[in-house]
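Trainee: First the structure, which I've put down as structure tokens, then a few questions once you've had a look.
The values are calculated or read from the model by the stated rules, or taken from the named source; none is laboratory data. What you are looking at is a predicted structure, and each value in this text was computed from that prediction instead of being measured. Cβ placement follows ideal geometry from the backbone for every residue including glycine, while neighbour counts extend to all protein chains displayed.
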Amino acid sequence: MSIEQFDAYQKAGYGEGNVGFGSKVAILVVDFQKAFTDSESPLGGSPLITAAVTKTKELLSIAREVDISIVFTVVGYREDQQDMGLWPLKVKTLSTVQLGSKWVEIDDELEVLEKDIALTKKMPSAFFNTDLINILIRQQIDTVIITGCTTSGCIRATAVDSFSYGFRTIVAEECVGDQGLEPHRANLFDIKNRYGDVLSNKEIINHLTRKVINQ
């Protein structure tokens, strides 16, 4: 983005404030499944995503210590592709992500506990045609911390829907990844200036642990 474009962006009023944390937080882990983390998959092998998985493991470890709810999502489709919508016209490789295959399994580096919630989705947003909104409302969650992949696809779509439903939306910057660096950076920039906050693990962990200490 040129200086002139950035100035116009600021003049329009984008990024003037922060949403901050509310009273109750959940962490959403979007599609850190082997289809996107395993280099043997046509969709996987990105160093950005691999690094984000490791940082997410660090964040989840602290979240479990302070009893934060964790929701995992995976994307998966029928073998006959009847539930894929128009994906085959745009991203044919997604047809390899079949329900029951190893590609819908959460990456081995991330542990899914019995108390965690796991949802299967079909489209970019974790909110679209899933039970996520009901789960968050049931637990009186008002702040959603988003991790996962890909930044330019499912993370952005989930962040927009989270914001649209009225949740304070925070993207864990080190815990999201993409196949490309430029779309990764561009979408973090846009999310930060339009829909939520983009924070480091240190900032998030400091808030979570400080909140517990002060209770």
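Trainee: Limited to the stretch 40-66, what total is found for residues that are part of a loop (DSSP other than H, G, I, E, B) and either touching a helix residue (DSSP H, G or I) at 6+ places or on another chain (Cβ under 6 Å) or touching a residue at least 40 places away in the same chain (Cβ under 8 Å) (or both)?
Mentor: Total meeting the criteria: 6.
Trainee: Let me ask something additional. Of everything in the stretch 106-126 that's of a type in the set (D, E, K, R) and over 16 Å from the mean Cα position of the chain (by Cα), which residue is nearest to Gln139 (Cα to Cα)?
Mentor: So in the stretch 106-126, the residues of a type in the set (D, E, K, R) come out as 107-109, 111, 114-116, 121-122.
If we keep only those that are over 16 Å from the mean Cα position of the chain (by Cα) too, we end up with 108-109, 111, 114-115.
On the way: Asp108: 28, Glu109: 27, Glu111: 22, Glu114: 17, Lys115: 13 Å.
Checked the stretch 106-126; the qualifying residue nearest to Gln139 (Cα to Cα) is Lys115.
Trainee: A follow-up question, please. Can you tell me which residues in the stretch 137-166 are over 23 Å from Leu43 (Cα atoms) and polar (S, T, N, Q)?
Mentor: Once the filter is applied, which keeps residues that are over 23 Å from Leu43 (Cα atoms) and polar (S, T, N, Q), the stretch 137-166 yields Gln139, Gln140, Thr143, Ser162, Ser164.
Trainee: Could you please find all residues in the stretch 11-39 being outside any loop (DSSP other than H, G, I, E, B) and either at positive phi or in contact with a helix residue (DSSP H, G or I) (Cβ under 9 Å, 6 or more places away or on another chain) (or both)? Even if it seems obvious, please write down each step before you answer.
Mentor: Looking only at the stretch 11-39, we keep the residues that are outside any loop (DSSP other than H, G, I, E, B), and these are 11, 25-30, 33-37.
Residues satisfying the conditions are Val25, Ala26, Ile27, Leu28, Val29, Val30, Gln33, Lys34, Ala35, Phe36, Thr37.
Trainee: Is it the case, given these coordinates, that Tyr77 is under 26 Å from Ser162 (Cα atoms), surrounded by 14 or more Cβ atoms within 10 Å (Cβ to Cβ) and at pLDDT below 95? Steps first, answer last, please.
Mentor: Values: under 26 Å from Ser162 (Cα atoms): yes; surrounded by 14 or more Cβ atoms within 10 Å (Cβ to Cβ): yes; at pLDDT below 95: no.
Judged against the criteria, Tyr77 is not a match.
Trainee: Next up: Does Pro88 satisfy the criteria of being at pLDDT 95 or above, of a type outside the set (Phe, Trp, Tyr) and part of a loop (DSSP other than H, G, I, E, B)?
Mentor: When the stated conditions are applied, Pro88 does not pass them.
Trainee: Show the residue pairs meeting these rules: Cβ distance below 9 Å; 6+ apart or different chains; first residue within the stretch 100-128 and at positive phi; second residue surrounded by 14 or more Cβ atoms within 10 Å (Cβ to Cβ).
Mentor: Gly100/Gly76
Trainee: Looking at the stretch 6-37 only, could you name the residues that are modelled with pLDDT under 85, within 12 Å of Arg194 (Cβ to Cβ) and of a type in the set (Gly, Ala, Ser)?
Mentor: Of the stretch 6-37, the ones modelled with pLDDT under 85 are 6-16.
With the extra rule that they be within 12 Å of Arg194 (Cβ to Cβ), the set shrinks to 9, 12-16.
Listed by number, the residues that qualify are Ala12, Gly13, Gly15.
Trainee: Tell me, which residue of the stretch 140-160 that is free of Cβ contacts under 8 Å to residues at least 40 places away in the same chain and out of contact with any Pro (no Cβ under 9 Å at 6 or more places or on another chain) is nearest to Leu60 (Cα to Cα)?
Mentor: Restricting to residues being free of Cβ contacts under 8 Å to residues at least 40 places away in the same chain and out of contact with any Pro (no Cβ under 9 Å at 6 or more places or on another chain), the top hit is Ala159.
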